[in-house]
Amino acid sequence: MEELDPLLSDSIVFRSPVAHTPYPGRAAIKLVLKTVNTVFKNFTYHRTFATADGLGVVLEFSAEVDGKALKGIDMLRFDQAGKIEEFEVMVRPMSGLQALGAAMGAKLASQKQVLAGQD
């Protein structure tokens, strides 16, 4: 995750598929991505879509969480310097989203300050 640091804007925001409030800051996004790597099984990226200006990319993926299959997309928005300033995730179906939310919630329950950008 430390190799991710140079790719992140100072104003990075992570938008979770299970949380209403966005998670601001590098510490929060690195914590979420590190944790999801322990939750997802059989994670695979399938397709990539980009906006004409190159400042937006969508990555389609599939994975399993606690035996529930899911499909999702990572939507990344870049600033003019090419750094990621927004990372938003969407997941379906509901059973996969619920399994992901439960697994991530259990692992991140003690990290609320980091997720709120108060690291």
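Coordinate-derived values only; no laboratory data. Since this is a predicted model, take the numbers as computed values, not measurements. Methodologically, a virtual Cβ is constructed for each residue, glycine included, from the backbone with ideal geometry; neighbour enumeration extends over all protein chains shown.
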key: Theoretical FRET efficiency, 1/(1+(r/R0)^6), r = Cβ-Cβ of THR35 and ASP79, R0 22 Å, to 0.05   = 0.30
remark   = So, with points 7 Å from each Cα along the Cβ direction, the ASP5-HIS46 label distance in nm works out to 3.6 nm
request  = Starting from the Cα of VAL57, step 7 Å along the direction of its Cβ; do the same at GLN113; then give the gap between the two resulting points in nm.
outcome  = 3.4 nm
query = Amide H of GLU86: which non-local residues (sequence gap of 5 or more, or other chain) have their own amide H closer than 5 Å, using H built in the peptide plane?
reply = VAL13, ARG77
ask   = At 222 nm, what helix-only mean residue ellipticity would the chain give, in deg cm²/dmol to the nearest 500, using -39500 (n - 2.57) for each DSSP H run of four or more?
value = -8500 deg cm²/dmol
request  = Pop out the ³J(HN,Hα) list for the range 44-51 in order, Karplus 6.51 cos²θ - 1.76 cosθ + 1.60 with θ = phi - 60°, rounded to Hz; leave Gly and Pro as x.
outcome  = 9, 7, 10, 9, 10, 10, 10, 6
